Amino acid sequence: MENIKFEKDGNIGIITISRPKALNALNFKTLVELNEVLDQVEKDEEIYVLLIRGDGEKAFVAGADIAEMKDMNPKEAREFSIIGNKVFRRIENLRIPTIAVINGYALGGGCELALSCDIRIASENAKLGQPEVGLGITPGFGGTQRLSRVVGLAKAKELIFTGDMIDANEAFKIGLVNRVVKKEELMDEALNMAKKIASNAPFAISVAKASINRGYQADIDTALMYEVEVFAQCFATEDQKDAMTAFLEKRKIEKFKN
Ligand code: CO8
């Protein structure tokens, strides 16, 4: 692959978006490659958590590729938006938790990529925003929908209508990022969080994620039934029996299996 790198650190998968000369802007090829690498991630049962980061010192992803979009007609723009949305929805629905490791600019499609992840950790120098209206377009990879779900309607409208870039601390204040850390500590922080998640029961985490995501779109009674279902399913796993037995025997469970 040209624009995507993939590596593993134990049970952690790490995707790096790599077009540093264009601040990792997402062109069509990068989205296709991202989709392909997700096939690999989905098949690999040894991956418990996925990190997504940008290559280089400056950017996570500075948006969709403006040079590629400039001459698109509405039909082509629709196709581009559909592909981006398909890939990002796939990330959102992965069975494993995902963490966006935001090492710099996360703008437009970059902010939208981060929003499709479960958790966002940013370095102090990160800048986030949806500057599309300044380019005569709207967000097109989920920003008009996911941003409001994460930061609320009023803040989402402010960010999208003004196109303002906000710094990492402001993003933390409005709940757009979960944590802000020093630049040099960013990857360690993300890996530590990923390892902590990976040390818990994978099946329980996977169904908890599905229950949160599905429940968020449903009425509370339907949503609570999702929880009842996944809670019950956990009792069919060896991990539940082993972990509860270990607790009662005052020892630590060695390794989760499911
Ligand atoms: N697309 C293409 N190239 C880019 C992009 C981008 N989004 N961002 C940066 N680059 C390129 C620059 O053109 C430049 O290339 P070159 O060296 O060949 O001139 C190189 O990256 C370095 O960038 P700068 O020289 O501009 O670096 P600065 O440090 O001066 O500025 C900024 C950094 C502030 C991040 C600046 O590059 C910038 O404003 N970039 C654009 C940010 C932006 O507007 N992003 C939103 C794009 S629109 C979008 O994402 C829509 C998503 C939905 C699409 C739906 C499909 C229809």
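The values are calculated or read from the model by the stated rules, or taken from the named source; none is laboratory data. The shown structure was predicted, so the numbers you read here are calculated from the model rather than taken from an experiment. Heads up, the Cβs are rebuilt from the backbone with ideal geometry, glycines too, and the neighbour counts pull from every protein chain shown. The accessibility values were calculated without ligands, DNA or RNA, using every heavy atom of the protein model including side chains. Shrake-Rupley method; radii C 1.70, N 1.55, O 1.52, S 1.80 Å.
For every helix of n ≥ 4 consecutive DSSP H residues, a contribution of -39,500 (n - 2.57) applies; sum these over the chain, divide by its total residues, and give [θ] at 222 nm rounded to the nearest 500 deg cm²/dmol. Please list the in-between numbers first.
Working: 11 runs with 126 residues, N = 258.
Theoretical 222 nm ellipticity from helices: -15000 deg cm²/dmol.
Quick one: which residues, 5+ away or cross-chain, put their amide H under 5 Å from the amide H of Ile102? H built at 1.01 Å from N.
Ile121, Ala122, Ser123
Report the Cα-based extents of the range 201-249 along its three principal axes, largest first, to the nearest Å.
40, 17, 15
What ³J(HN,Hα) values, in whole Hz, does the Karplus curve 6.51 cos²θ - 1.76 cosθ + 1.60 give for the range 65-80 when θ = phi - 60°, with x put for Gly and Pro?
Here the 3J(HN,Hα) series is 6, 5, 4, 6, 7, 3, 9, 5, 8, x, 5, 5, 5, 4, 4, 4 Hz.
Can you compute the FRET efficiency between Glu185 and Glu7 using 1/(1 + (r/R0)^6), with r the Cβ-Cβ distance and R0 = 25 Å? Round to the nearest 0.05.
Step by step, r from the Cβ atoms, then E = 0.80.
Whose amide H sits under 5 Å from the amide H of Ile4, counting only residues 5 or more places off or on another chain, with H placed in the peptide plane?
Distant-sequence amide H within range of Ile4: Ser18.
Residue by residue through the range 248-258, which ³J(HN,Hα) values in whole Hz follow from phi under the Karplus form 6.51 cos²θ - 1.76 cosθ + 1.60 (θ = phi - 60°), with glycine and proline marked x?
5, 8, 6, 9, 8, 5, 6, 8, 6, 10, 6
Report the residue, chosen from Pro74, Pro97, Pro139, that carries the largest GNM mean-square fluctuation when the chain is represented by alpha-carbon nodes joined by springs under 10 Å.
Ranking Pro74, Pro97, Pro139 by mean-square fluctuation puts Pro74 first.
If amide hydrogens are placed 1.01 Å from N in the peptide plane, which non-local residues have theirs closer than 5 Å to the one on Leu51?
HN-HN under 5 Å from Leu51: Gly13, Ile14, Ile15, Ile99.
In Å, the Kirkwood hydrodynamic radius of the chain over pairs of distinct alpha carbons? Show your work: numbers first, answer last.
On the way: mean 1/r = 0.0523 Å⁻¹.
It works out to 19.1 Å.
Output the antiparallel fraction of DSSP beta bridges having both residues in the range 4-198, as a percent to the nearest 5. Could the numbers behind the result be given before it?
Values: 9 of 32 bridges.
That works out to approximately 30 percent antiparallel.
For the chain, what is the relative contact order in percent, using Cα pairs closer than 8 Å and at least 6 residues apart in sequence?
16 percent.
Go through Arg78, Arg53, Arg251 and list them by solvent-accessible area, largest first, probe radius 1.4 Å.
Numbers: Arg78 160, Arg53 60, Arg251 125 Å².
Most to least solvent-accessible, the answer reads Arg78, Arg251, Arg53.
Excluding ligands and nucleic acids, what accessible area in Å² is computed for Phe203 using a 1.4 Å probe, to the nearest 10?
Surface accessible to solvent at Phe203 totals approximately 70 Å².
Could you provide, to the nearest whole Å², the per residue accessible area of the chain with probe 1.4 Å? It would help to have the intermediate numbers written out before the result.
Details: 13690 Å² over 258 residues.
Accessible surface, normalised per residue, equals 53 Å².
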